[in-house]
Amino acid sequence: MIDGVRRQMSNFSRRAATNGEEPAFACPLVADLSDLTSESIIVSDVHGVIRYWNPASEALYGWPAMAMIGQHVQTIGSLAHAGTDHFSALLREGRWEGVVHRRGLSGTNVVAAVRQIVRRDSAGDLLDIVEFGRDAGSLSRASYLRMDAELQSSLAASWELDTSAARPLLDAIAEHRRSGIAIDFDQHPDWVDRMLSVTRILAVNDRAVRMFGAHAGYEQMIGKSIDAFWPAESRSLLATLLESVASDRTRLEARKMVLSGSLREPVIKAWHSAEPKPPDTVFVTINGIANDDRTTWELQASEDRYRRLIQYLPTALWQVDSRRAGEAFDQLKAAGVRDIAAHLERNPDLVEHAKDVVRVTDVNRDAVSLFRAGNLADLIKPVRYIFSAAPGLAERVMVAHFEGRRNFIAETRIRAFDGSIVDVLFTVTYPVPPEQLDNTFITMQDISERLNAEQQLRKLQADFSHAGRIATLGELATSIAHEINQPLAAIVTNGETSLRWLARADPNTEKITQLTSRIVSNARRASDIIHRIRGMAAKHEPEKRLIDLNEVVEEALLFIRHDIDSKSIVLSANFGSELPKVMGDRIQLQQVIINLLVNSVQAIVQSGQPTRRIDAQTSIDDEGSVVFSVLDNGPGVPAEDLEHIFDSFFSTKDTGIGIGLAICQSIITAHGGRITGLNRPNGGAHFHFTLPALTVASPEPSSVASSTRA
Amino acid sequence: MPAKTVRSSEAPIIAVIDDDEAVREALSDLLQVLGLACRTFDRAEAFMAEYQPDRFDCLITDVSMPGRSGLELQERLRELGSSMPVIVITADTSAATRARALSGGALACLTKPVKDDVLLRHLESALNRTGGARDDRRGTPSDE
């Protein structure tokens with residue numbers, strides 16, 4: 001039957017589509033043809049005044065056309081039609097079908113099954129109302145109620161369901177009934193779940209697809225369990241009706257239902273199909289008054305606009321019905337659960353269950369392309385797939401939901417359907433009453449490009465600082481050569497001395513042993529120095545570890561000590577005691593220290609200062625940060641240059657390329673510290689940097705409701 | 001750092017200045033096997049504190065050190081009228097350093113690592129020049 005309805009509906013829409021081009025329906029125009037039909041045809045104008053009345057109408061109602069044309073339709077109307085106000089529904093929907101009761105010529109009650117169509121001109125103004133009618137008076141009351149329901153089902157969201165698989169359950173329930181037990185499905189959620197999960201969708205009409213199918217589409221709904229699509233708030237009602245009509249095939253059940261959505265006072269009807277449908281086929285319709293005064297096509301247009309807006313939104317968007325999770329949360333709250341995170345940790349199956357019962361009801365195009373899916377329908381299913389590459393994310397989403405938060409934001413990853421992993425910024429917006437509770441929105445933004453850019457930036461910075469290190473090593477080549485040459489010189493001399501002892505008639509083995517162990521320790525020392533130079537010369541990704549800044553300074557001095565000595569500079573190093581450790585990259589921090597010292601050395605040498613001093617110090621400042629300072633008695637930095645010294649390619653040196661301090665700044669900034677350069681009151685420069693000490697608890701990255709990095 | 005003296009009987013005394021302890025020890029051991037007494041200092045200032053004319057027969061000094069450099073020390077000794085032979089040992093291979101050492105009166109400017117026989121030859125010539133070299137001294141420790 002619903003197939004027939006679908007056909008009719010498409011016919012109607014075709015007519016509506018071509019309506020604008022047709023000449024206005026002048027009453028007599030098609031009268032000749034209509035005169036011959038066996039179906040009653042009545043045309044009335046905007047005001048309800050009858051303009052046409054064909055012979056079949058005369059036959060059906062007894063009134064001649066002559067008497068009726070010019071009369072108001074209410075003249076014959078009893079309009080004692082139960083349920084909705086059909087005239088406003090007609091205007092709203094553009095059509096109406098149902099059974100009407102009319103007053104016949106002899107005062108008899110005429111029962112007619114009618115189909116009414118509103119015709120409008122191209123501007124949308126109401127032209128007239130055409131009614132096709134036929135006699136339904138011969139039907140029993142039950143039959144015409146059913147006929148009425150069937151006719152009206154074209155306006156309702158209609159379902160044709162196969163309940164045959166529920167037969168064993170229905171039989172079991174019938175057994176209960178026979179033994180006199182009252183059945184209340186609200187008390188038997190397990191029965192409801194079973195009944196709905198085994199009841200299959202045989203057919204649905206467009207309206208049902210639109211209202212309940214989300215984007216699943218007609219084809220995706222057919223053959224599926226009704227469980228997946230039926231609104232959560234009326235599951236036990238559906239089970240009740242199914243059970244009722246299944247147990248009495250003549251019954252037509254009509255109930256008011258609770259349905260969040262665009263329908264006001266929705267009414268659900270269910271009846272068992274007659275032949276030739278297979279047994280256990282049940283029809284269900286949901287009908288009601290649209291929730292605002294707009295006409296159907298305005299609603300439709302608005303809905304289409306909304307759909308288009310959502311569809312073309314440049315962010316991947318999911319509409320999720322998380323009411324099942326919400327219900328579970330209500331139960332947990334009622335059971336006294338407060339710390340949901342701990343509860344979920346103890347009961348991981350709750351999370352797994354939620355991944356199956358919380359369903360995606362709609363997605364947009366960006367979501368499809370983000371997941372490399374073929375079409376929208378691939379994403380309309382339980383939310384499980386969203387979390388497949390993000391362990392722990394579902395728990396956090398549930399915690400935020402439980403705690404009544406408005407939003408949840410996280411950087412995380414998804415596994416697209418082609419298996420690729422995509423970094424996304426993931427946000428959830430939970431519905432808050434009075435919003436529709438089935439509308440939880442998830443958005444995802446592909447941030448892999450941003451992360452790639454960050455990765456490239458890190459690599460660039462690493463390359464940059466590496467280049468700086470190589471340049472510095474070049475500048476310090478003499479100093480470094482000296483450092484390696486010392487142990488090598490000692491080794492050579494120790495070896496030669498040993499040979500001289502060995503050449504003697506009475507070799508002094510004690511002495512030779514001492515010399516040999518000196519060779520070993522000096523070789524080791526040389527090797528250590530080379531190891532450190534290699535560390536400075538190597539290109540490596542920054543690696544932050546817990547380090548002692550004093551050790552880093554000492555190691556850095558190794559590279560420059562000879563340079564300082566050879567330039568007759570007095571270096572005094574003061575290491576603060578009990579410095580807290582810092583998180584840092586040893587090589588990069590050494591690089592900064594060496595760079596600052598090299599700058600001081602070069603400035604002092606340029607200045608021609610007779611007594612040359614550099615003080616290198618480590619300390620803790622008032623905020624508990626670890627500080628490294630270099631103070632020299634060189635010429636200082638010209639006041640006008642002070643604000644540019646950390647800029648790239650700014651140099652006061654003739655041979656400098658001006659990246660040294662820029663690198664220092666980028667390294668220290670990447671360590672969460674600050675670097676400053678200033679002039680000392682009595683001449684000379686003072687550079688220092690601070691690094692956050694690890695004992696000071698670093699604040700959470702963000703205090704946004706639930707923002708954390710995955 | 002306390003200076004250390006290694007003395008063989010009747011041997012001339014060589015002064016060794018190097019800021020690197022390993023190098024100092026190595027030179028000191030070499031001089032010992034050669035039968036030469038030596039006294040080591042970690043910097044020029046320490047040497048000057050003990051300096052007296054004719055106290056040392058020869059000075060072996062590094063160039064680059066904290067404080068006064070070996071070359072400055074040599075110049076200072078010349079100013080003081082010292083005729084003590086000076087052998088400069090340096091890791092610095094630059095011609096300028098070498099020229100400055102030799103023009104300042106150094107007997108030799110050797111590059112580290114120094115070959116022992118080269119050092120010995122220069123030491124012999126240094127000690128001969130101060131008139132301290134005697135046959136018995138020369139023959140005993142040498143492997144030549």
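The values are calculated or read from the model by the stated rules, or taken from the named source; none is laboratory data. None of these values were measured; they are calculated from a predicted model. Backbone-built Cβ (ideal geometry, glycine too); neighbour counts: all protein chains shown.
Listed conditions (1) buried (at least 19 other Cβ atoms within 10 Å of the Cβ); (2) out of contact with any Asp or Glu (no Cβ under 9 Å at 6 or more places or on another chain); (3) within 14 Å of chain A (Cβ to nearest Cβ); (4) not in a helix (DSSP H, G or I) are all met by B:LEU71, apart from (4).
Of all residues in segment A:493-524, those satisfying the criterion of being surrounded by fewer than 19 Cβ atoms within 10 Å (Cβ to Cβ) and among the charged types (D, E, K, R) are A:ARG504, A:ASP506, A:GLU510, A:LYS511, A:ARG524. Across segment B:9-63, the qualifying residues are those that are among the β-branched types (Val, Ile, Thr), more than 10 Å from chain A (Cβ to nearest Cβ) and in contact with a Lys or Arg (Cβ under 8 Å, 6 or more places away or on another chain), and the one among them that is nearest to A:GLU510 (Cα to Cα) is B:THR40.
Say whether the condition of being within 13 Å of chain B (Cβ to nearest Cβ), of a type in the set (Lys, Arg) and surrounded by 14 or more Cβ atoms within 10 Å (Cβ to Cβ) is met by at least one residue in segment A:578-586. Scanning segment A:578-586, I find no residue that is within 13 Å of chain B (Cβ to nearest Cβ), of a type in the set (Lys, Arg) and surrounded by 14 or more Cβ atoms within 10 Å (Cβ to Cβ), so the answer is no.
Among residues belonging to segment B:74-92 that are small (Gly, Ala, Ser) and on the phi < 0 side of the Ramachandran plot, point out the one that is nearest to the other protein chains (Cβ to nearest Cβ).
In the first step, residues of segment B:74-92 are kept if they are small (Gly, Ala, Ser); the result is B:81-83, B:91.
Next cut, on the phi < 0 side of the Ramachandran plot only: B:82-83, B:91.
Details: B:SER82: 22, B:SER83: 26, B:ALA91: 4 Å.
Per the stated criteria, the residue is B:ALA91.
Kindly provide the set of residues from segment A:576-591 that are β-branched (Val, Ile, Thr) and either over 17 Å from A:ILE470 (Cβ atoms) or without any contact (Cβ under 8 Å) to a residue 24 or more places away in the chain (or both), ordered by number. Give the derivation first.
If we filter segment A:576-591 for residues that are β-branched (Val, Ile, Thr), which is where we start, we get A:582, A:587.
A:VAL582 - this is the single residue of segment A:576-591 that is β-branched (Val, Ile, Thr) and either over 17 Å from A:ILE470 (Cβ atoms) or without any contact (Cβ under 8 Å) to a residue 24 or more places away in the chain (or both).
Scanning segment A:305-330 for residues that are of a type in the set (Gly, Ala, Ser) and outside any helix (DSSP H, G or I) yields a count of 2. Scanning segment A:417-426 for residues that are of a type in the set (Phe, Trp, Tyr), within 14 Å of A:TRP318 (Cα to Cα) and buried (at least 17 other Cβ atoms within 10 Å of the Cβ) turns up at least one hit. Select from segment A:463-483 the residues that are surrounded by fewer than 19 Cβ atoms within 10 Å (Cβ to Cβ) and facing chain B (nearest Cβ under 9 Å) and write down the one among them that is modelled with the highest pLDDT. Filtering segment A:463-483 for residues that are surrounded by fewer than 19 Cβ atoms within 10 Å (Cβ to Cβ) and facing chain B (nearest Cβ under 9 Å), the one modelled with the highest pLDDT comes out as A:ALA481.
Within segment A:484-501, take every residue that is over 12 Å from A:PHE559 (Cα atoms) and β-branched (Val, Ile, Thr) and give me the one that is farthest from the other protein chains (Cβ to nearest Cβ). Break it down into steps so the answer makes sense when it comes.
At the first step, the residues of segment A:484-501 found to be over 12 Å from A:PHE559 (Cα atoms) are A:485-501.
Then drop every residue that is not β-branched (Val, Ile, Thr), which leaves A:491-493, A:497.
On the way: A:ILE491: 7, A:VAL492: 4, A:THR493: 4, A:THR497: 5 Å.
Filtering first and then ranking leaves A:ILE491.
Criterion first (surrounded by 21 or more Cβ atoms within 10 Å (Cβ to Cβ), part of a helix (DSSP H, G or I) and either within 14 Å of another protein chain (Cβ to nearest Cβ) or touching a helix residue (DSSP H, G or I) at 6+ places or on another chain (Cβ under 6 Å) (or both)) does A:ILE560 satisfy it? In short, yes. Checked against (1) at pLDDT 90 or above; (2) more than 14 Å from every other protein chain (Cβ to nearest Cβ), A:HIS540 passes all but condition (1). Taking the listed residues A:ILE667, A:ILE657, A:ILE675, the one that is outside any loop (DSSP other than H, G, I, E, B) and either at pLDDT below 65 or more than 37 Å from the chain's Cα centre (by Cα) (or both) is A:ILE675, with no other qualifying. Taking first residues from segment A:270-294 that are over 14 Å from A:GLU253 (Cβ atoms) and partners that are at pLDDT 80 or above and charged (D, E, K, R), the Cβ contacts under 7 Å between residues at least 6 apart in sequence or on separate chains come to A:ASP280/A:ASP162; A:ASP280/A:ARG167; A:THR281/A:GLU160; A:THR281/A:ASP162. Could you tell me whether A:ASP356 is surrounded by fewer than 21 Cβ atoms within 10 Å (Cβ to Cβ) and of a type in the set (D, E, K, R)? Answer is yes for this residue. Among the residues of segment A:518-532, some residue qualifies, meaning at least one is in a helix (DSSP H, G or I), polar (S, T, N, Q) and more than 60 Å from the chain's Cα centre (by Cα). Here A:ARG504 fits the description: within 11 Å of another protein chain (Cβ to nearest Cβ), outside any helix (DSSP H, G or I) and either touching a helix residue (DSSP H, G or I) at 6+ places or on another chain (Cβ under 7 Å) or among the basic types (Lys, Arg) (or both).
Candidates A:ALA685, A:ALA662: the one that is at pLDDT 90 or above and under 16 Å from A:LEU597 (Cα atoms) is A:ALA685. When each of A:LEU241, A:LEU196 is tested for being over 19 Å from A:VAL360 (Cβ atoms), outside any loop (DSSP other than H, G, I, E, B) and of a type in the set (A, V, I, L, M, F, W, C), the lone residue that passes is A:LEU241. Are any residues in segment B:93-115 surrounded by 23 or more Cβ atoms within 10 Å (Cβ to Cβ) and facing chain A (nearest Cβ under 9 Å), and if so, which ones? Residue satisfying the conditions is B:VAL114 alone. Look at (1) more than 22 Å from the chain's Cα centre (by Cα); (2) within 18 Å of A:SER369 (Cβ to Cβ); (3) of a type outside the set (Lys, Arg) and you find that A:SER479 fails only one, number (2).
B:ARG138 passes every criterion in (1) at pLDDT 85 or above; (2) surrounded by 15 or more Cβ atoms within 10 Å (Cβ to Cβ) apart from (1). The residue of segment A:383-404 that is surrounded by the fewest Cβ atoms within 10 Å (Cβ to Cβ), among those that are farther than 18 Å from A:TYR430 by Cβ and free of Cβ contacts under 8 Å to residues at least 40 places away in the same chain, is A:PRO391.
Among the residues of segment A:131-151, write down those that are at pLDDT 75 or above and basic (Lys, Arg). Across segment A:131-151, the qualifying residue is only A:ARG134.
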